[in-house]
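First up is the structure itself, then whatever we jot down about it.
The values are calculated or read from the model by the stated rules, or taken from the named source; none is laboratory data. Please read all numbers here as calculations on a predicted model, not as lab measurements. All Cβ positions, glycine included, derive from the backbone under ideal geometry; neighbour counts span all protein chains shown.
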Amino acid sequence: MPRKRPGRIRTKNTNRREALKLSNMAPEDYNVRPDEAKSIACPDCRSWRRIMGDTVLKVREHCVSDKVTEGEKHVTCPGSDQLVVIDIDVRRWQARQDRLLRDAMPQENRRAARQFYKPLPAPAAPVSRITAEVTLMTARQSYLAHREGCMRCVGGQHCTDGGFLARRYVLVLSQEPARREDRAERERQERRTERWQTAPAIRRAQWAKHGGEAVEAANNRCAERIPGSVSEFRGLQLPLAPQNVEAHDRRQTDLGKQYARKSPAA
Ligand SMILES: [Zn+2]
Ligand SMILES: [Zn+2]
């Protein structure tokens with residue numbers, strides 16, 4: 001199962017437009033599969049964006065340009081914080097999508113889509129590098145979007161573009177388990193690194209909490225041995241004999257009798 005991030009809304013603000021109903025959108029322009037992160041093709045900038053929230057759903061705030069890192073100015077997309085309402089039958093929507101996706105499969109695999117989940121001999125890493133932006137979701141949705149608009153893609157038939165998108169989807173699908181494993185491994189690695197990096201800070205905090213210099217001073221002090229202590233390390237010798245011998249014997253006898261009563265066989 002892919003890790004599910006809880007979509008949290010950080011602000012109550014919306015873009016003050018009317019809520020966007022999924023029923024008014026093309027079915028391939030959103031993804032509300034129950035086991036995946038919800039996302040939508042932003043109507044303003046036509047890029048895929050996360051839908052955040054559990055009950056109140058909103059398009060995550062984003063930039064109109066995805067080239068800010070390359071020096072372009074950051075401009076918040078007016079589609080940010082757009083309220084979204086899921087007013088469609090999700091199961092029916094998904095069933096229809098799955099039907100179309102089966103058509104993307106090569107004939108011999110169409111019956112058993114599951115077969116694609118066997119590991120491929122090719123490693124996953126190079127693919128994720130070549131097609132940085134192509135995820136299982138975007139590959140799937142762009143195939144579906146093409147099918148929707150193409151007159152020549154009917155049933156199992158594909159036009160040139162449709163064929164390319166179908167093959168790309170099937171390829172990404174087959175690589176998904178390896179990619180998932182790859183992602184999980186990367187996350188494990190990151191967590192490990194983080195632990196290593198924070199360990200000294202944690203120790204510093206513990207040291208500060210438990211006295212710091214006062215402890216150090218006490219540690220370094222050449223104190224006289226506590227009277228009655230066995231050694232510098234063991235401290236005082238514990239008494240081995242009972243304080244009141246008579247009372248102790250009485251208790252032992254009583255206990256013995258109690259045990260005898262509980263287990264008469266013995
Ligand atoms: Zn946008
Ligand atoms: Zn086509």
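Taken over segment 130-168, the residue count meeting the criterion of being at pLDDT 90 or above, of a type in the set (A, V, I, L, M), under 13 Å from Asp103 (Cβ atoms) and in a loop (DSSP other than H, G, I, E, B) is 0. The C-beta contact set for segment 43-69 (first residue farther than 21 Å from Val85 by Cβ, second residue of a type in the set (A, V, I, L, M, F, W, C) and not in a strand (DSSP E or B), distance under 6 angstrom, 6+ apart or interchain) comprises Val64/Cys45; Val64/Val75; Val64/Cys77. Close Cβ contacts (under 8 Å, 6 or more residues apart or on different chains) running from residues in segment 146-173 that are in the same structural domain as Asp98 (by TED's automatic domain parsing) and touching a residue at least 40 places away in the same chain (Cβ under 8 Å) to residues that are surrounded by fewer than 13 Cβ atoms within 10 Å (Cβ to Cβ) and assigned to a helix (DSSP H, G or I) comprise Gly156/Gln107. Note on segment 195-209: residues that are of a type in the set (Phe, Trp, Tyr) and over 30 Å from the mean Cα position of the chain (by Cα) total 1. I'd like the full set of residues that are within 13 Å of ligand 1 (Cβ to nearest atom), of a type in the set (Val, Ile, Thr) and surrounded by 14 or more Cβ atoms within 10 Å (Cβ to Cβ), limited to segment 69-85. The one that is within 13 Å of ligand 1 (Cβ to nearest atom), of a type in the set (Val, Ile, Thr) and surrounded by 14 or more Cβ atoms within 10 Å (Cβ to Cβ): Val84. Restricting Trp93, Trp48 to those that are touching a helix residue (DSSP H, G or I) at 6+ places or on another chain (Cβ under 9 Å) and within 10 Å of ligand 1 (Cβ to nearest atom) reduces the list to Trp48.
Mind checking which residues of segment 42-61 are surrounded by 20 or more Cβ atoms within 10 Å (Cβ to Cβ) and of a type outside the set (D, E, K, R)? Within segment 42-61, Cys42, Ile51, Met52, Leu57, Val59 meet the criteria.
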